[in-house]
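Q: Dumping the structure here so I can ask a few things about it.
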């Protein structure tokens, strides 16, 4: 199998997108676990139980949301960065700097078709997540709730894609694409 060479532009975009997704996952993980509004409210309530101050459950939740707001703002900023990165990712093929995945090539193996379809589906899901995120932040408030319901599903495809992607890279590295990891990092294959 032909060993793909990755241009500097491709590698930079790839790693910026990968780092962005990792940071998004961290913010999601924190929001669902330690920074969950109910957990933070319980910590505040526990602290206040030793004082003569009392807050209602609604006040505790509001305070918990305020405490975690700076962390969640990073999720939003990273989302904006991803909008920019994916825009660049889809503009670059017009300048011949990157290729668009085409799973319909007649000479492609089943493995290559699967790989390219996986990327197409992933790109579609990312575009849906980015669009719904933008509507949540910038769109009309009447759409916010329905967009949030769609947006939160993004964690499932993202985790699935990362798992498939990493498994595919490891399999490729140890079978027909030796050096794929070093090529995506440095652009050249390691010396044997």
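Read-outs throughout are calculated quantities, based only on the coordinates presented, and are distinct from any laboratory measurement. If you're wondering where the values come from, they're calculated on a predicted model, not measured in any experiment. Note: ideal-geometry Cβ built from the backbone for every residue, glycine included; neighbour counts use all protein chains shown.
Q: Rank the residues 89, 183 as a footprinting-exposure proxy: fewest other Cβ atoms within 10 Å of their Cβ go first. Kindly include the intermediate steps, with their values, before the conclusion.
A: Numbers: 89 21, 183 18.
Ascending number of Cβ neighbours within 10 Å: 183, 89.
Q: Also: Report, to the nearest 10°, how far helix 154-174 tilts away from the longest principal axis of the Cα atoms in the chain, using its own Cα long axis and a range of 0 to 90°.
A: In the chain, helix 154-174 runs at an angle near 30 degrees to the longest axis.
Q: In whole Å, what is the distance between the alpha-carbon centres of the stretch 12-91 and the stretch 128-192?
A: Cα centroid of the stretch 12-91 versus Cα centroid of the stretch 128-192: 20 Å apart.
Q: Neighbouring Cβ atoms within 10 Å as the yardstick, rank 104, 23 fewest first.
A: The order, fewest Cβ neighbours first, is 104, 23.
Q: Tell me the label-point distance for the pair residue 137, residue 111, using the 7 Å Cα-to-Cβ offset, in nm and rounded to one decimal.
A: 3.9
Q: Still on this structure, please answer the following. Most exposed first by the Cβ proxy, i.e. fewest other Cβ within 10 Å, how do 147, 112 rank?
A: 112, 147
Q: From the list (1) 1.77; (2) 1.32; (3) 0.93, can you say which value of Cα Rg over 2.2 N^0.38 Å was derived from the structure given?
A: Computed from these coordinates, Cα Rg over 2.2 N^0.38 Å corresponds to label (2).
Q: Using a Förster distance of 25 angstrom, determine the FRET efficiency expected from the C-beta separation of residue 83 and residue 152, and round it to 0.05.
A: 0.90
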